[in-house]
Every structure is written in structure tokens, then in C-alpha cells.
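Novice: Structure below; questions to follow.
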Amino acid sequence: MSFTELANARLETIGFRSTAPRRAVLRAIESASAPFTVEELLESLPGVGRATVFRTVKLLHELDLLCRVPLEDGSIRYQLSEGEHHHHLVCRRCGQFTEFTDLELDARIQEQARAHGFTLEGHAVELYGVCRSCAAGGL
């Protein structure tokens with residue numbers, strides 16, 4: 001099943017109709033070749049309303065179908081999610097990000113929260129550096 005079909009089915013399951021503009025947003029996300037901003041997505045969809053694009057991206061993120069990654073410069077980029085709780089390795093040169101899981105890291109974060117009397121409701125970890133491709137290419 002394609003991302004567009006999966007996302008459309010999940011949205012319909014929670015009560016959102018399958019409209020032509022929403023399907024256009026889903027297709028644009030599926031065809032994105034790199035992490036994207038909502039503004040870039042909007043530029044690629046001139047016939048789709050701003051509210052539809054923002055609402056669809058927000059819903060897809062809430063359904064864990066899209067990753068939302070804050071970059072060091074304060075911008076936010078999105079890409080298709082591989083699912084489940086994960087963290088990100090973010091390349092400072094090309095902007096690509098890679099998902100990874102680490103149960104030990106998650107356990108340590110939970111331990112620290114408990115040790116400080118903090119009720120943890122969620123967390124995000126982004127590690128910034130240079131990816132293998134950029135390092136090999138000398139970029």
C-alpha cells in the first residue's frame with residue numbers, strides 16, 4: 001500500500017473525508033525527494049489552500065506518518081516516518097535526517113525524569129553532525 005493510500009485510509013478512519021485537495025497534499029508528500037518544510041509543500045501545491053496543507057501535515061504528524069524535526073536554525077522539516085518512537089540523526093550539510101531507536105537511551109531519559117520527580121509525557125532527540133555521504137564527498 002502506498003503512503004497516499006495508507007494516509008488516506010487512516011484519515012478516513014478518524015473521520016476526515018478524502019477530498020481532492022487533501023489527496024494532492026498526500027501525493028506531494030509521498031513524492032518529496034528530501035525533507036521538506038510546510039512552505040515548500042505549499043509552493044508545490046498552488047491550487048490547495050494553506051489551511052488544508054497545514055491541517056493535513058499536523059494530522060499526519062499526530063498519526064506518526066510524518067516525522068517533524070526541528071533544525072538548529074529553528075526551521076522545521078518533515079519526512080515520511082518509519083513508525084514507532086524514534087530519534088533523528090540530522091546532517092548539517094545536506095539536511096537529510098535518519099531515524100534510529102535506542103531503548104537504553106529511552107530508559108535513561110525515563111530514569112532521569114523519575115529521579116527529578118518529573119512525569120515524562122514524551123521526548124525528542126535530534127543529533128546534529130555530518131552524514132556518511134557528505135563526509136565521503138568532502139561537502
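The values are calculated or read from the model by the stated rules, or taken from the named source; none is laboratory data. Bear in mind the structure is a predicted one, so any value in this text is a computation, not a measurement. Using ideal geometry, Cβ is built from the backbone for each residue, glycine included, and neighbour counts are taken over all protein chains shown.
Novice: Check Y78 against each of (1) under 19 Å from L41 (Cβ atoms); (2) outside the structural domain of F3 (by TED's automatic domain parsing) and name the one condition it does not meet.
Specialist: (2)
Novice: T56 - would you say it is over 18 Å from H88 (Cβ atoms), under 13 Å from the mean Cα position of the chain (by Cα) and assigned to a helix (DSSP H, G or I)?
Specialist: yes
Novice: Between a first residue in segment 91-104 that is in the same structural domain as Q79 (by TED's automatic domain parsing) and a second residue that is surrounded by 13 or more Cβ atoms within 10 Å (Cβ to Cβ), which pairs have beta carbons less than 6 Å apart while being 6 or more apart in sequence or on different chains?
Specialist: Sorted first by the residue in segment 91-104, then by its partner, the list stays empty.
Novice: To continue, here is another question. Scan segment 104-138 for residues that are under 14 Å from L89 (Cα atoms) and of a type in the set (K, R) and jot them down.
Specialist: Once the filter is applied, which keeps residues that are under 14 Å from L89 (Cα atoms) and of a type in the set (K, R), segment 104-138 yields only R132.
Novice: Turning to a different aspect of this structure: Of the conditions (1) in a helix (DSSP H, G or I); (2) free of Cβ contacts under 8 Å to residues at least 12 places away in the same chain; (3) within 26 Å of L89 (Cβ to Cβ), L41 clears all except one; give me its number.
Specialist: Status for L41: all satisfied but (2).
Novice: Shifting gears a bit: Restricting the search to segment 50-86, which residues are in contact with a strand residue (DSSP E or B) (Cβ under 8 Å, 6 or more places away or on another chain), within 22 Å of L103 (Cα to Cα) and charged (D, E, K, R)?
Specialist: Across segment 50-86, the qualifying residues are R68, E82.
Novice: Another one. Out of E99, E84, I need the residue that is under 17 Å from the mean Cα position of the chain (by Cα), of a type outside the set (S, T, Y) and not in a strand (DSSP E or B). Which one?
Specialist: Every option except E84 fails the conditions.
Novice: Considering only segment 13-37, state which residues are assigned to a helix (DSSP H, G or I), crowded, with 16+ Cβ neighbours inside 10 Å and touching a residue at least 24 places away in the same chain (Cβ under 8 Å).
Specialist: Of everything in segment 13-37, those that are assigned to a helix (DSSP H, G or I), crowded, with 16+ Cβ neighbours inside 10 Å and touching a residue at least 24 places away in the same chain (Cβ under 8 Å) turn out to be R22, A24, V25, L26, I29.
Novice: A113 - would you say it is surrounded by 12 or more Cβ atoms within 10 Å (Cβ to Cβ), touching a strand residue (DSSP E or B) at 6+ places or on another chain (Cβ under 9 Å) and either assigned by TED's automatic domain parsing to the domain that holds F3 or at pLDDT 95 or above (or both)?
Specialist: Taking the combined requirement at face value, the residue does not satisfy it.
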